[in-house]
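Read-outs: derived from the displayed coordinates by stated rules, not from any lab. What you see is a predicted model; the values in this text were computed from it and never measured. Note: ideal-geometry Cβ built from the backbone for every residue, glycine included; neighbour counts use all protein chains shown.
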């Protein structure tokens, strides 16, 4: 499974604490797989990875994130 997304946030006005009006662009991509060929008592392993990047005109909202997830699921 492969998925991706993009979202944009634009503030109405600049807050007095920050030098610019907040404008965010968020990109996200994920990849996951269930390995049904490797089953044990009806359970199959899966793995997922995700990367996310938020670019913002306001520094405290500018971030990147990476995550990995491993587990088992019911294989049917």
Stretched out fully, how many nm does the piece from residue 21 to residue 66 gain, at 0.36 nm a residue minus the Cα gap? 13.5 nm
Calculated FRET value between residue 29 and residue 74, using beta carbons and R₀ = 30 Å, to 0.05: 0.70
Grab the Cα-Cα distance for residue 2 and residue 51, subtract it from 0.36 nm times how many residues apart they are, and report the gain in nm with one decimal. 16.5 nm
Using the Cα atoms of the chain, I'd like the radius of gyration and the largest Cα-Cα distance, Dmax, both in angstrom. 18.8, 60
